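Since the structure comes first, as structure tokens, the remarks are kept for the end.
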Amino acid sequence: MENGIIAGNKIFDVVFVALFSAQALKVIISLFTERRLNFRKFLDTGSMPSSHTSSVVSLATAIGIKQGLQSPLFALSVVLAVVVMYDATGVRRAAGKQASVLNKIVSNIKKREGYAIIEENLKEFLGHTPLEVFGGAVLGIIVAFVMC
């Protein structure tokens with residue numbers, strides 16, 4: 001296996017570049033959607049593209065390229081990628097929707113009763129839409145093919 005810059009591992013480099021690229025793209029996309037440069041997007045979860053997905057898909061793709069599609073490591077990485085993508089669009093997205101509802105309930109209670117239940121809102125953007133996950137997957141595949 002070729003040596004990489006990070007930890008001497010080429011596949012780890014691929015994953016790092018895919019993750020970094022996805023987070024950087026979030027900042028660039030927010031420039032167009034919000035009409036301002038929002039560097040907080042670089043550290044945020046949620047939005048386009050899914051950095052979790054780009055990471056695991058780039059991992060699976062790089063392993064497939066380097067080790068072969070019949071490799072047990074490739075099979076393991078594909079299963080991991082599927083679990084992460086399912087979680088991003090399922091469990092984490094549902095948790096984000098629940099946080100949104102809870103924030104509205106707390107806000108309404110504060111307005112009516114004057115109670116201070118919690119000081120800060122729950123984070124609502126935890127998961128991804130299927131399109132955001134697809135975008136992350138495409139980015140992960142591209143990064144792996146370019147770097148491998």
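Summary of values
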{"read-out": "Which listed residue is farther than 15 Å from GLY140 by Cα, assigned to a helix (DSSP H, G or I) and among the small types (Gly, Ala, Ser), from ALA75, ALA22", "value": "ALA75"}
{"read-out": "Which listed residue is within 21 Å of LYS26 (Cα to Cα), modelled with pLDDT under 95 and among the β-branched types (Val, Ile, Thr), from VAL146, VAL84, VAL91, VAL101", "value": "VAL84"}
{"read-out": "Pairs with Cβ under 7 Å, 6+ apart, first in region 51-65 and farther than 14 Å from VAL82 by Cβ and of a type in the set (Gly, Ala, Ser), second at pLDDT below 95 and not in a helix (DSSP H, G or I)", "value": "ALA62/CYS148"}
{"read-out": "Residue that is surrounded by the fewest Cβ atoms within 10 Å (Cβ to Cβ), among those in region 29-43 that are assigned to a helix (DSSP H, G or I) and among the aliphatic types (A, V, I, L, M)", "value": "LEU31"}
{"read-out": "From the options PHE12, PHE20, residue that is of a type outside the set (A, V, I, L, M), under 22 Å from PRO72 (Cα atoms) and without any contact (Cβ under 8 Å) to a residue 12 or more places away in the chain", "value": "PHE12"}
{"read-out": "Exclusive hit being at pLDDT 70 or above, surrounded by 18 or more Cβ atoms within 10 Å (Cβ to Cβ) and not in a helix (DSSP H, G or I), set GLY46, GLY140", "value": "GLY46"}
{"read-out": "Qualifying position, being within 20 Å of MET147 (Cβ to Cβ) and either of a type outside the set (Ser, Thr, Tyr) or touching a residue at least 24 places away in the same chain (Cβ under 8 Å) (or both), among LEU43, LEU25", "value": "LEU25"}
{"read-out": "Selection within region 49-59 - buried (at least 24 other Cβ atoms within 10 Å of the Cβ) and of a type outside the set (S, T, N, Q)", "value": "PRO49, VAL56, VAL57, LEU59"}
{"read-out": "Hits in region 28-40 (condition: touching a residue at least 12 places away in the same chain (Cβ under 8 Å) and of a type in the set (Ser, Thr, Tyr))", "value": "SER30"}
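The values are calculated or read from the model by the stated rules, or taken from the named source; none is laboratory data. Everything numeric here is computed off the predicted structure, so don't read it as measured data. Neighbour counts are summed over all protein chains in view; Cβ atoms, including those assigned to glycine, are modelled from backbone coordinates with ideal geometry.
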